[in-house]
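Chemist: Quick one: this structure, given as structure tokens, is what I'll be asking you about.
The values are calculated or read from the model by the stated rules, or taken from the named source; none is laboratory data. All values reported here derive from a predicted model rather than from experimental measurement. We place every Cβ from the backbone using ideal geometry, glycine too, and count neighbours over all the protein chains shown. What goes into the accessible areas is simple: the full protein's heavy atoms, side chains included, and nothing from ligands, DNA or RNA. Shrake-Rupley method; radii C 1.70, N 1.55, O 1.52, S 1.80 Å.
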Amino acid sequence: IEIYSLHVDCKVTSRFAHTVITSKIVNRANESREATFEVELPKTAFISNFSMSIDGEVYPGIIKEKASAQQQYDAAVSQGQSAGLVKITGRKLEQFQVSVSVAAGSKVTFELMYEELLKRQLGKYELLLKVRPKQLVQHFQMDVHIFEPQGIRFLETDSTFLTNELTEALTKVQNKTKAHILFKPTVDQQKNPDAGETLLNGDFIVRYDVERGATAGDIQIVNGYFVHYFAPHEMPVFPKNVIFVIDRSGSMAGRKIEQTRDALLKILKDLRAEDHFSFITFNSKVSEWRSSLLEATAENVASAAAFVQTLSATGGTDIHRALLRAVDTLHKAEALPERSVSMIILLTDGQPTSGETKVEVIQENIQKAIGGKFALFCLGFGFDVSYKFLEKMALSNGGLARRIYENADAALQLQGFYQEVATPILMQIEMQYPENAIEGLTKNNFKLFFEGSEIVVSGKISNELDLLPVEIKAQSHTSDLTLKEEANVKEKEQVFQNQSYIFGNFIERLWAYLTIQQLLEKSISAPAAQQKALEARALELSLQFGFVTPLTSLLVTKPAEQLQAELANKPSEAG
């Protein structure tokens, strides 16, 4: 079985990435063989199309509601389930895999398409493409086209497998608003001189950021849909009041507690002088480093560092009491800066085993205690945690959850997370648009904005508007802000009209992608009755736009004489 052509074609238009992977395979044997198509794609992406054509006959993938796809699948495969087609592989990726039997001398073409909105983190967007053909490929080509009407501020490529020879196969062409990255290694360049097999195995990453001029962000409009990007910078930073709630139960013993100590020592160094902080550690008992929050003076930081060095792990896990103590400390705190941001960062590696152990009760009590006043961030260390529980608790309290992988770089992962939330520059952000003129507006109120991230709001402009006025209200450290902007609809539509390689309705698809992501996230922390309605709406959009989301499945059809059909489902982090 030979892959004679592999083409990765990725078009990024205003942060929305649309990737098509086409693999052409021929069976050179004189008997039928199995051909496998395997692609790793970002977990945040939605597959939007798959097809294979065998000797010119096309077998399309069909996107259906999960339940009905399952019934069709069960009927087709009465002789026992075949394995799922999509599984999580690693931190950022999931793998899609399909196999089909190919007759002697026959050819098959596989084509997979997926889409995602690139998220700005720590000042840049990252496009991750996984390259792993597992054999030398006669025609191998990767194209990344980027069009950013705001202008490209910087662009870099990075790769885990590029040798000096392979670097020669990489070209970048860039002007103010467009970039084209081409990677086209010959068979000789692909070859590992020692072993003779392919060198192409690893990540190919494109990182970039855009120019930002307008204070009220940037608005783009295509076919009646708008997207509004808002990422202020160079603003004064809010002082933070942060309590680290650290699990020191028995399961944290050894490497995990060491890595936690390393990370906390580095985080202590990153605290700003005007921040206030404290530590609460817990096993079956809860202990406080200090009874109140202390200012991050050199002396207090040194004393905290000495305390962190002594952290050791043994005993059970009383998450409930530890969090309640943290909330109580923040509520009682005195002499904190008037305009400041309070947050709790919980790090745990297990299930609650001491004190209150029912996760529903813990979630409810913590939400009641916090009362919307602070953000709770939950970090789950390893795979023994109930990620669902941590995610629901964080999302219910204006924060987010993150998994920390038990690898050599766990301390760096912890630090990296802290850096994302270390510089809050706005709070209580309201993005306002004319009510009677916008339909299907995505989330437009945000509790906190951190330096280096980005707020994205999208919607449909319902009537014949000539001008789209927007108003942003927010609190900064020094004042209450009101920013205003007006977008000329016709002018904005013009920007994309002369770009030949852009898929026409990309803002509508971006809107659908964002809406589905937000509905699914909202349903995690919603009461049961509301959950059904949110999921129903997300399902409706997933089917309308043809996205494989946690609510839909991709039914892969095959030639009649082979196993009838296979199902691709999106795996979940909480699975």
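Chemist: Within the range 193-234, track down each residue that is farther than 25 Å from Glu156 by Cα and without any contact (Cβ under 8 Å) to a residue 40 or more places away in the chain.
Modeler: Result: Pro193, Asp194, Ala195, Gly196.
Chemist: If you don't mind, there's one more thing I want to ask. Select from the range 280-324 the residues that are of a type outside the set (A, V, I, L, M) and either surrounded by 20 or more Cβ atoms within 10 Å (Cβ to Cβ) or in contact (Cβ under 8 Å) with a residue 60 or more places away in the chain (or both) and list them in ascending order.
Modeler: Thr281, Phe282, Asn283, Ser284, Ser312, Thr314, Gly315, Gly316, Thr317, Asp318, His320
Chemist: For the range 452-466, enumerate the residues that are open to solvent by 80 Å² or more (accessible area, probe 1.4 Å) and touching a strand residue (DSSP E or B) at 6+ places or on another chain (Cβ under 9 Å).
Modeler: Within the range 452-466, the subset open to solvent by 80 Å² or more (accessible area, probe 1.4 Å) is 464, 466.
Matches in the range 452-466: Asp466 only.
Chemist: Within the range 342-353, does at least one residue satisfy the condition of being farther than 30 Å from Thr478 by Cα, touching a strand residue (DSSP E or B) at 6+ places or on another chain (Cβ under 8 Å), of a type in the set (S, T, N, Q) and touching a residue at least 60 places away in the same chain (Cβ under 8 Å)?
Modeler: yes
Chemist: Do we find a residue being modelled with pLDDT of 95 or more, among the aliphatic types (A, V, I, L, M) and over 20 Å from the mean Cα position of the chain (by Cα) anywhere in the range 371-380?
Modeler: No - not one qualifying residue is present in the range 371-380.
Chemist: Could you please find all residues in the range 95-112 being surrounded by fewer than 20 Cβ atoms within 10 Å (Cβ to Cβ) and part of a strand (DSSP E or B)?
Modeler: Initial filter on the range 95-112 (surrounded by fewer than 20 Cβ atoms within 10 Å (Cβ to Cβ)): 95, 97, 99, 101, 103-107, 109, 111.
Within the range 95-112, Gln95, Gln97, Ser99, Ser101, Lys107, Thr109, Glu111 qualify.
Chemist: Working only within the range 178-225, note down all residues that are under 25 Å from the mean Cα position of the chain (by Cα) and of a type in the set (S, T, N, Q).
Modeler: Asn201, Gln220
Chemist: Within the range 28-57, take every residue that is among the polar types (S, T, N, Q) and more than 25 Å from Asp203 (Cα to Cα) and give me the one that is surrounded by the most Cβ atoms within 10 Å (Cβ to Cβ).
Modeler: Across the range 28-57, the extreme among qualifying residues is Ser53.
Chemist: Here is a check on your reading of the model: is Asp188 closer than 19 Å to Leu346 by Cβ, out of contact with any helix residue (DSSP H, G or I) (no Cβ under 6 Å at 6 or more places or on another chain) and not β-branched (Val, Ile, Thr)?
Modeler: No: the conditions fail for Asp188.
Chemist: Residues to consider are Gly80, Gly123, Gly90; find the one that is modelled with pLDDT under 95 and either open to solvent by 50 Å² or more (accessible area, probe 1.4 Å) or under 23 Å from Ala45 (Cβ atoms) (or both).
Modeler: Values: Gly80 fails: either open to solvent by 50 Å² or more (accessible area, probe 1.4 Å) or under 23 Å from Ala45 (Cβ atoms) (or both); Gly123 fails: modelled with pLDDT under 95.
Unique residue meeting the criteria: Gly90.
Chemist: Look at Phe383 and say whether it is at pLDDT 95 or above and of a type outside the set (A, V, I, L, M).
Modeler: no
Chemist: Would you confirm whether any residue within the range 256-272 is open to solvent by 40 Å² or more (accessible area, probe 1.4 Å) and outside any helix (DSSP H, G or I)?
Modeler: So far as the range 256-272 goes, yes, one or more of its residues are open to solvent by 40 Å² or more (accessible area, probe 1.4 Å) and outside any helix (DSSP H, G or I).
Chemist: Further question: Do we find a residue being closer than 30 Å to Leu127 by Cβ and of a type in the set (D, E, K, R) anywhere in the range 288-302?
Modeler: no
Chemist: Among the residues of the range 430-446, which ones are exposed (fewer than 13 other Cβ atoms within 10 Å of the Cβ), polar (S, T, N, Q) and under 22 Å from Leu520 (Cβ atoms)? Show your work before the answer.
Modeler: Just the residues of the range 430-446 that are exposed (fewer than 13 other Cβ atoms within 10 Å of the Cβ), to begin with: 430, 435-436, 439, 445.
Pick out the ones that are also polar (S, T, N, Q) and you get 436, 445.
Correct list: Asn445 only.
Conditions (1) in contact with a helix residue (DSSP H, G or I) (Cβ under 9 Å, 6 or more places away or on another chain); (2) modelled with pLDDT under 95, marked per residue:
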{"position": "Glu493", "(1), (2)": "no, yes"}
{"position": "Ile516", "(1), (2)": "yes, no"}
{"position": "Pro527", "(1), (2)": "no, yes"}
{"position": "Leu534", "(1), (2)": "yes, no"}
{"position": "Leu541", "(1), (2)": "yes, no"}
{"position": "Leu567", "(1), (2)": "yes, yes"}
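Chemist: Here are Leu448, Leu481, Leu465, Leu412: which of them is in a loop (DSSP other than H, G, I, E, B) and among the aliphatic types (A, V, I, L, M)? Break it down into steps so the answer makes sense when it comes.
Modeler: Working: Leu448 fails: in a loop (DSSP other than H, G, I, E, B); Leu481 fails: in a loop (DSSP other than H, G, I, E, B); Leu412 fails: in a loop (DSSP other than H, G, I, E, B).
Being in a loop (DSSP other than H, G, I, E, B) and among the aliphatic types (A, V, I, L, M) holds for just one of Leu448, Leu481, Leu465, Leu412, which is Leu465.
Chemist: To continue, here is another question. How about the range 150-189: which strands (runs of 3 or more DSSP E) wholly inside it have at least 1 residues that are of a type in the set (Val, Ile, Thr), farther than 13 Å from Val206 by Cα and open to solvent by 70 Å² or more (accessible area, probe 1.4 Å)?
Modeler: Numbers: elements: 152-159, 170-174, 178-183.
By residue number, 170-174.
Chemist: I would also like to ask the following. From the list Val385, Val327, exactly one residue is free of Cβ contacts under 8 Å to residues at least 60 places away in the same chain and outside any helix (DSSP H, G or I). Which is it?
Modeler: None of the other options fit; the residue is Val385.
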